[in-house]
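Novice: Okay, here's the structure, questions in a sec.
The values are calculated or read from the model by the stated rules, or taken from the named source; none is laboratory data. Quick caveat: nothing in here was measured; it's all calculated off a predicted structure. Reconstructed Cβ throughout: ideal geometry from the backbone, glycine too, with neighbour counts over all protein chains shown. Ligands, DNA and RNA are stripped out before the accessible areas are found, and what is left, the full protein with its side chains, is counted by its heavy atoms. Shrake-Rupley method; radii C 1.70, N 1.55, O 1.52, S 1.80 Å.
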Amino acid sequence: MYGQSALCRYRLGHLRPQHRVTLPADLFGEGICRVRGDLWQLTWQERVALRWDARTLELLDRVAYDREGWGICAADRYLLTSDGSSDLVRRDPDTLNPLGVIHVRMDGVRVTGLNDLAWDGRTVWANLIGTGIVAGIDPDTGQVTDLVDAHAARERYPRDPYAIMNGIAALPGEGEFLLTGKTWRAIRHVRLVPARNLLNRHGLSQ
């Protein structure tokens, strides 16, 4: 949120951050990923990306950015970013300059709502905004290869429309991830299990 966004480092399982840096009140913080000794952080609608020192969390640079900022992950020799549409953008890891666009499809139909991203060494995983669905995407073709119903990991806040699944990170174990969401109280350690026929049920194909 504006005026609430911060970059924090936690030891997994601890309640208090080891280090916390508040973003300027006019920036809505979004996805982050590490590239060597730096952290890239996107902002929502400000067309600005932030480069932080990964060790000290010192702000090193503010870089112009060409889309809304949602999710970001490092995949092989490039970065991938999302903006809530059906597009993933390949980017230069040193500058964030766009290198190409991946149009994400399932059975020839666009898959919209691509949100936070994670890379497990083979597949890009994206949580689909406003749902408990996680999609596995082949970055070479843009095809959805896996669907996961992660509703069992959700926290339920009926009176808080912003309490949506909005965070995914791949772990070294096969199929193991961390999942969390906006205003959630916990990070869930899960093993993802593919499912089918979920996109139409949640209105995420066009």
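Novice: Tell me, which residue of the stretch 142-161 that is in contact (Cβ under 8 Å) with a residue 24 or more places away in the chain and part of a loop (DSSP other than H, G, I, E, B) is farthest from the chain's Cα centre (by Cα)?
Specialist: Checked the stretch 142-161; the qualifying residue farthest from the chain's Cα centre (by Cα) is Tyr157.
Novice: Then there's this: Test Leu57 against the stated conditions and say whether it is among the aliphatic types (A, V, I, L, M), part of a strand (DSSP E or B) and open to solvent by less than 50 Å² (accessible area, probe 1.4 Å). Reasoning before the result, please.
Specialist: Numbers: among the aliphatic types (A, V, I, L, M): yes; part of a strand (DSSP E or B): no; open to solvent by less than 50 Å² (accessible area, probe 1.4 Å): yes.
So Leu57 does not fit the description; no.
Matching residues to (1) of a type outside the set (Lys, Arg); (2) free of Cβ contacts under 8 Å to residues at least 24 places away in the same chain; (3) more than 18 Å from Ser5 (Cβ to Cβ):
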{"site": "Ile32", "(1), (2), (3)": "yes, no, no"}
{"site": "Gln41", "(1), (2), (3)": "yes, no, no"}
{"site": "Val48", "(1), (2), (3)": "yes, yes, no"}
{"site": "Leu60", "(1), (2), (3)": "yes, yes, no"}
{"site": "Tyr78", "(1), (2), (3)": "yes, yes, yes"}
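Novice: Now for a different question. Answer yes or no: is there a residue in the stretch 67-79 that is open to solvent by less than 70 Å² (accessible area, probe 1.4 Å), under 25 Å from Thr183 (Cβ atoms) and β-branched (Val, Ile, Thr).
Specialist: yes
Novice: Any residue at all in the stretch 92-111 that is in contact with an Asp or Glu (Cβ under 7 Å, 6 or more places away or on another chain), open to solvent by 50 Å² or more (accessible area, probe 1.4 Å) and within 26 Å of Leu147 (Cβ to Cβ)?
Specialist: Scanning the stretch 92-111 turns up at least one residue that is in contact with an Asp or Glu (Cβ under 7 Å, 6 or more places away or on another chain), open to solvent by 50 Å² or more (accessible area, probe 1.4 Å) and within 26 Å of Leu147 (Cβ to Cβ).
Novice: Output the number of residues of the stretch 1-33 satisfying the condition of being of a type in the set (D, E, K, R) and loosely packed, with under 13 Cβ neighbours inside 10 Å.
Specialist: Here is the first cut: in the stretch 1-33, the residues of a type in the set (D, E, K, R) are 9, 11, 16, 20, 26, 30.
After this cut, where a residue has to be loosely packed, with under 13 Cβ neighbours inside 10 Å as well, the list is 11, 16, 20, 26.
Count: 4.
Novice: Just one of (1) open to solvent by less than 10 Å² (accessible area, probe 1.4 Å); (2) aromatic (Phe, Trp, Tyr); (3) in a loop (DSSP other than H, G, I, E, B) trips up Trp40, so point out which.
Specialist: Against the list (1) open to solvent by less than 10 Å² (accessible area, probe 1.4 Å); (2) aromatic (Phe, Trp, Tyr); (3) in a loop (DSSP other than H, G, I, E, B), Trp40 comes up short only on (3).
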